[in-house]
Amino acid sequence: MEIENDDRGGYKRIHQRLGPTSRQPDRGGKVCFQWRAGHCTRHPCPFLHSEQDPSNSKRSLGWRNPSTGGSGGGPNNGGHQSKWGKGRHGENSNSNSNAGRLNGGVGTSGGDRPCKFFVSGNCSFGDRCRYPHSWSFGEGFSLITPLKGHEKVVTAIALPSGSDKLYSGSKDKTVKVWDCQTGQCTVSIPMGGEIGCMICEDPWLFVGIPDSIKVWNTQTGAEMNLPGPTGQVYALAAANDMLFAGTQDGKILIWRFNAATNCFEPATFLVGHRLAVISLVVGGPKLYSCSMDNTIKAWDLTTLQCVQTLSDHTNVVMSLLCWEQFLLSCSLDSTVKVWVHNSKEQLEVTYTHTEEHGVISLCGMHDVQGKPVLLCSLNDNTVRLYDLPSFNERGKIFAKQEVRAMQTGPNGLFFTGDGTGELKVWTWSTN
């Protein structure tokens, strides 16, 4: 996926066309408050018509997905689990110790959070506001464009490899298809129920809704419906020609792909969790599940038996992530735990990172320099970005409401979706 320069308008950094000119003084990169209010009539305007850092103006907003591989990967930390949570000089790292180290507003009179009126879209102070007017703080990444269309919380984002389409699912009961070149929503598909999750396992797109899973072949357009779940389907994963679905009643349902009929056939189900299964991830020979019952379970993919139950979290376990030999988990108990196998092939906690708020989602990727980065969405409407394995803070992303969905893309792209229904497209900088 490449970022193209495009000076013809549309979804791009508007300050390129309405920035300071030779006839107007440079106002120090200030954002036009009249533009922010939606009624600037100055041509050219001496202020920026964008929330972006003008130093990044050479990158345009076109974003494409010609990827033929996966969408991101895990860090290569060489198995040095002893380095987890250690800063650049070996000091312990946590979210509080890194406060004040970020650029873009930290240390100003307004603190390290954006103006609440800017977030709601009606700050009357404009460039005179003492609080930052920015959707992020930090170095190396920037906002490309928002994507507006959903009316309720975005619960899932999928980016099929080799496709020029981005898919998003929401509690507004629709799946929207976005053109990666224009940023426009091209199709809105009514699903008949709230979308609980969505994954892409090429060429298949799977969408979890109450009591069912909808399936599309993104290459042929073929559709099918997989009945069987009871209640909302909160989590999906695929491996070894099997589809796994975590459901509201605590079961994990399994379908097997039949190549002869090109269909998914019911196989069995796994029982063990007492409450809803809300995240599934496959790592090596195991399937990992987490639940509202505060536990994580490891299942052998060959025997489909539960081989370990982890009970270290004290509140709902919200999300799981496999990176190399490590399993990462996050919880409403405000912790991110890093697990590694011991000599008896049993998972144990090797590091616990503590936040001030509940952690609701994890996403892992590399920046453009190949450095591993962890994105942690918190229930204070922020996403924290951390270097791994040090957990040194790289930056923060702010949203109007909780970010429930995150997805990585090729070449430094990543996506967030919040509780208002707005998606945002971000990119890592080469600077």
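The values are calculated or read from the model by the stated rules, or taken from the named source; none is laboratory data. Bear in mind the structure is a predicted one, so any value in this text is a computation, not a measurement. Cβ atoms come from the backbone with ideal geometry, glycine included; neighbour counts cover every protein chain shown. These accessible areas exclude ligands, DNA and RNA; they are computed on the full protein's heavy atoms, side chains included. Shrake-Rupley method; radii C 1.70, N 1.55, O 1.52, S 1.80 Å.
Looking only at the stretch 240-257, how many residues end up being within 13 Å of S289 (Cβ to Cβ) and under 24 Å from the mean Cα position of the chain (by Cα)? Steps first, please.
Applying the first criterion (within 13 Å of S289 (Cβ to Cβ)) to the stretch 240-257 yields 244-247, 250-254.
Next cut, under 24 Å from the mean Cα position of the chain (by Cα) only: 244-247, 252.
Of the residues in that region, 5 qualify.
State the number of residues belonging to the stretch 321-335 that are of a type outside the set (A, V, I, L, M), within 18 Å of the chain's Cα centre (by Cα) and open to solvent by 30 Å² or more (accessible area, probe 1.4 Å).
1
Are there any pairs, at least 6 apart or on different chains, whose C-beta atoms fall under 6 Å, with the first in the stretch 144-155 and over 8 Å from E422 (Cα atoms) and the second open to solvent by 10 Å² or more (accessible area, probe 1.4 Å) and modelled with pLDDT under 95, and if so, which?
T145/Y11
Taking G231 as the residue in question, decide whether it is in contact (Cβ under 8 Å) with a residue 12 or more places away in the chain and over 22 Å from T408 (Cα atoms). Working first, answer last.
Working: in contact (Cβ under 8 Å) with a residue 12 or more places away in the chain: yes; over 22 Å from T408 (Cα atoms): yes.
Taking the combined requirement at face value, the residue satisfies it.
Can you pull out the residues in the stretch 379-397 that are of a type in the set (S, T, N, Q), under 19 Å from F415 (Cα atoms) and more than 12 Å from the chain's Cα centre (by Cα)?
Initially, the stretch 379-397 is screened for residues of a type in the set (S, T, N, Q), giving 379, 381-382, 390, 392.
Pick out the ones that are also under 19 Å from F415 (Cα atoms) and you get 379, 381-382.
Once the filter is applied, which keeps residues that are of a type in the set (S, T, N, Q), under 19 Å from F415 (Cα atoms) and more than 12 Å from the chain's Cα centre (by Cα), the stretch 379-397 yields N379, N381.
As an exercise: evaluate S134 against (1) within 24 Å of V277 (Cβ to Cβ); (2) in contact (Cβ under 8 Å) with a residue 60 or more places away in the chain and give the number of the one condition it does not meet.
(1)
Could you list, in sequence order, all residues of the stretch 342-359 that are surrounded by fewer than 19 Cβ atoms within 10 Å (Cβ to Cβ) and either touching a Lys or Arg at 6+ places or on another chain (Cβ under 8 Å) or of a type in the set (A, V, I, L, M, F, W, C) (or both)?
V349, T352
Between a residue in the stretch 156-172 that is under 9 Å from M198 (Cα atoms) and any residue that is among the hydroxyl-bearing types (S, T, Y) and open to solvent by 10 Å² or more (accessible area, probe 1.4 Å), which pairs come within a Cβ distance under 6 Å, given they are 6 or more apart or on different chains?
A158/Y167; G169/T155
Quick one: in the stretch 386-431, of everything that is in a strand (DSSP E or B) and charged (D, E, K, R), which residue is most open to solvent (accessible area, probe 1.4 Å)?
Applying the first criterion (in a strand (DSSP E or B)) to the stretch 386-431 yields 386-387, 393-398, 403-408, 413-418, 423-428.
Narrowing further to those that are charged (D, E, K, R): 387, 393-394, 396, 404, 418, 424.
Numbers: D387: 24, E393: 20, R394: 41, K396: 20, R404: 108, D418: 4, K424: 10 Å².
Looking at the filtered set, the residue picked out is R404.
Can you confirm whether D300 is touching a His at 6+ places or on another chain (Cβ under 8 Å) and among the acidic types (D, E)? Break it down into steps so the answer makes sense when it comes.
Values: touching a His at 6+ places or on another chain (Cβ under 8 Å): no; among the acidic types (D, E): yes.
No: the conditions fail for D300.
Of the residues I278, I252, which single one is touching a Cys at 6+ places or on another chain (Cβ under 9 Å) and either open to solvent by 20 Å² or more (accessible area, probe 1.4 Å) or touching a residue at least 40 places away in the same chain (Cβ under 8 Å) (or both)? Walk me through how you get there before you give the answer.
Numbers: I252 fails: touching a Cys at 6+ places or on another chain (Cβ under 9 Å).
Answer to the selection: I278.
Evaluate the stretch 315-331: report whether one residue or more is among the hydrophobic types (A, V, I, L, M, F, W, C), touching a His at 6+ places or on another chain (Cβ under 7 Å), in a strand (DSSP E or B) and modelled with pLDDT of 95 or more.
Taking the stretch 315-331 first, the residues among the hydrophobic types (A, V, I, L, M, F, W, C) are 316-318, 320-323, 326-328, 330.
Next cut, touching a His at 6+ places or on another chain (Cβ under 7 Å) only: none.
Taking every residue of the stretch 315-331 in turn, none turns out to be among the hydrophobic types (A, V, I, L, M, F, W, C), touching a His at 6+ places or on another chain (Cβ under 7 Å), in a strand (DSSP E or B) and modelled with pLDDT of 95 or more.
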